[in-house]
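Report on the structure given below.
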Amino acid sequence: PADFGGWYLRADAGVGATQISDLRSSFMPGFIVDNPRFESKSLSEVGTFGFGVGYQFNSWFRGDVTAEYRTPAEYLAVQSYGPLFCGAGRCYDGYRGNVQSGVFMANGYVDLGTWAGFTPYVGVGVGLAHHRMKDLTDTSIVPTGGVGFAPSTTTTNFAWAVMAGASYSLTSNLKLDLGYRYLDMGKITTASIGCQGAPACGYEVQSFKVASHDFRLGLRYMFSDFGAELPGPTQFLV
């Protein structure tokens, strides 16, 4: 059976439901924090905008490389500690910041056949996630009065993804793509938080893992009609 192929460009936009896990704090040597625990933590949803170039190797396999911009995700957390510093109760600090990310991936997909113009697929990807943690503040909620700030930091991590979706042939060259992706973007570590209005400062550093459930809508433009037969080997009759 003849194989088919061709180069293509892609552009995607979507929304990412970001997740935070394994949130931890560390403090300067010798600084004691009594029984700290995070009461809540979250990253807000983001918008995603990406583009890429790829090649359709045959009727069932294709690959591409992509670059993606992700709008800033708001970071919110509440940490409590005590009762060493807080009498019989617990003290509470609130944290707020923004995480800006860019993702660069190499992806491979298996197309599972075409029915009435629809082609479902599954895929995997590996690459890099670049994060900038900025505008991090630490505000004392109970008791009130203390505030802290951390400078911006950047982190580049290994990233991986699994994907599933379906494309629809609008024309022989243009395909509409609707897909889901689980994207793991590694760990983010903040700079040390400096304190103001507090009698002592532990120069806290926070770290957490970040991932996202992404839903994307995109277009793929083939430079040649998909279905055009690739040149085959020369045949000789003896």
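The values are calculated or read from the model by the stated rules, or taken from the named source; none is laboratory data. Everything numeric here is computed off the predicted structure, so don't read it as measured data. When we count neighbours, we look across all protein chains shown, and the Cβ atoms used for this are built from the backbone with ideal geometry, even at glycine. Just the protein is used for accessible areas: all its heavy atoms, side chains included, with ligands, DNA and RNA removed. Shrake-Rupley method; radii C 1.70, N 1.55, O 1.52, S 1.80 Å.
Restrict the check to the stretch 159-166 and report whether at least one residue is surrounded by fewer than 19 Cβ atoms within 10 Å (Cβ to Cβ), among the β-branched types (Val, Ile, Thr) and farther than 21 Å from Phe31 by Cα.
Within the stretch 159-166, one or more residues are surrounded by fewer than 19 Cβ atoms within 10 Å (Cβ to Cβ), among the β-branched types (Val, Ile, Thr) and farther than 21 Å from Phe31 by Cα.
Of Tyr92, Tyr75, which residue is more than 15 Å from the chain's Cα centre (by Cα) and among the aromatic types (Phe, Trp, Tyr)?
Details: Tyr75 fails: more than 15 Å from the chain's Cα centre (by Cα).
Selected residue: Tyr92, the only one of Tyr92, Tyr75 that is more than 15 Å from the chain's Cα centre (by Cα) and among the aromatic types (Phe, Trp, Tyr).
Can you tell me which residue is nearest to Val99 (Cα to Cα) among those in the stretch 14-60 that are part of a loop (DSSP other than H, G, I, E, B) and among the hydroxyl-bearing types (Ser, Thr, Tyr)?
Pass one, the stretch 14-60, residues part of a loop (DSSP other than H, G, I, E, B): 27-36, 44-45, 57-60.
Right, trim to among the hydroxyl-bearing types (Ser, Thr, Tyr) and you get 44, 59.
On the way: Ser44: 10, Ser59: 39 Å.
Restricting to residues being part of a loop (DSSP other than H, G, I, E, B) and among the hydroxyl-bearing types (Ser, Thr, Tyr), the top hit is Ser44.
If Gly194 meets every condition in (1) more than 30 Å from Ser59 (Cα to Cα); (2) open to solvent by 60 Å² or more (accessible area, probe 1.4 Å) apart from one, which number is that one?
Checking Gly194 against (1) more than 30 Å from Ser59 (Cα to Cα); (2) open to solvent by 60 Å² or more (accessible area, probe 1.4 Å), the one that fails is (2).
Just give me the residues in the stretch 140-158 being crowded, with 16+ Cβ neighbours inside 10 Å, polar (S, T, N, Q) and either over 30 Å from Tyr109 (Cα atoms) or without any contact (Cβ under 8 Å) to a residue 12 or more places away in the chain (or both), in sequence order.
Across the stretch 140-158, the qualifying residues are Ser140, Thr153.
Are any residues in the stretch 109-119 in contact with a Gly (Cβ under 9 Å, 6 or more places away or on another chain) and open to solvent by 40 Å² or more (accessible area, probe 1.4 Å), and if so, which ones? Even if it seems obvious, please write down each step before you answer.
Quick first cut of the stretch 109-119, residues in contact with a Gly (Cβ under 9 Å, 6 or more places away or on another chain) only: 109-110, 119.
Answer for the stretch 109-119, where residues must be in contact with a Gly (Cβ under 9 Å, 6 or more places away or on another chain) and open to solvent by 40 Å² or more (accessible area, probe 1.4 Å): just Val110.
Of the residues that make up the stretch 53-72, is at least one open to solvent by 20 Å² or more (accessible area, probe 1.4 Å) and out of contact with any strand residue (DSSP E or B) (no Cβ under 8 Å at 6 or more places or on another chain)?
Checked against the condition, which is being open to solvent by 20 Å² or more (accessible area, probe 1.4 Å) and out of contact with any strand residue (DSSP E or B) (no Cβ under 8 Å at 6 or more places or on another chain), the stretch 53-72 yields no hits at all.
What number goes with the only condition from (1) within 14 Å of the chain's Cα centre (by Cα); (2) among the hydrophobic types (A, V, I, L, M, F, W, C); (3) not in a strand (DSSP E or B) that Leu183 does not pass?
(3)
Could you check how many residues of the stretch 197-212 are modelled with pLDDT of 95 or more and of a type in the set (Phe, Trp, Tyr)?
1
Do you know which residues across the stretch 18-34 are at pLDDT below 90 and touching a strand residue (DSSP E or B) at 6+ places or on another chain (Cβ under 6 Å)?
Result: Val33, Asp34.
Every residue, every condition in (1) among the acidic types (Asp, Glu); (2) in contact (Cβ under 8 Å) with a residue 24 or more places away in the chain; (3) surrounded by 13 or more Cβ atoms within 10 Å (Cβ to Cβ), yes or no:
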{"position": "Tyr8", "(1), (2), (3)": "no, yes, yes"}
{"position": "Ala17", "(1), (2), (3)": "no, yes, yes"}
{"position": "Asp34", "(1), (2), (3)": "yes, yes, no"}
{"position": "Phe49", "(1), (2), (3)": "no, yes, yes"}
{"position": "Ser80", "(1), (2), (3)": "no, yes, yes"}
{"position": "Gly89", "(1), (2), (3)": "no, yes, no"}
{"position": "Arg96", "(1), (2), (3)": "no, yes, yes"}
{"position": "Phe104", "(1), (2), (3)": "no, yes, yes"}
{"position": "Asn107", "(1), (2), (3)": "no, yes, yes"}
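Only one of Ser42, Ser21 is surrounded by fewer than 16 Cβ atoms within 10 Å (Cβ to Cβ) and out of contact with any Leu (no Cβ under 8 Å at 6 or more places or on another chain); which?
Values: Ser42 fails: out of contact with any Leu (no Cβ under 8 Å at 6 or more places or on another chain).
Result: Ser21 is the single residue among Ser42, Ser21 that is surrounded by fewer than 16 Cβ atoms within 10 Å (Cβ to Cβ) and out of contact with any Leu (no Cβ under 8 Å at 6 or more places or on another chain).
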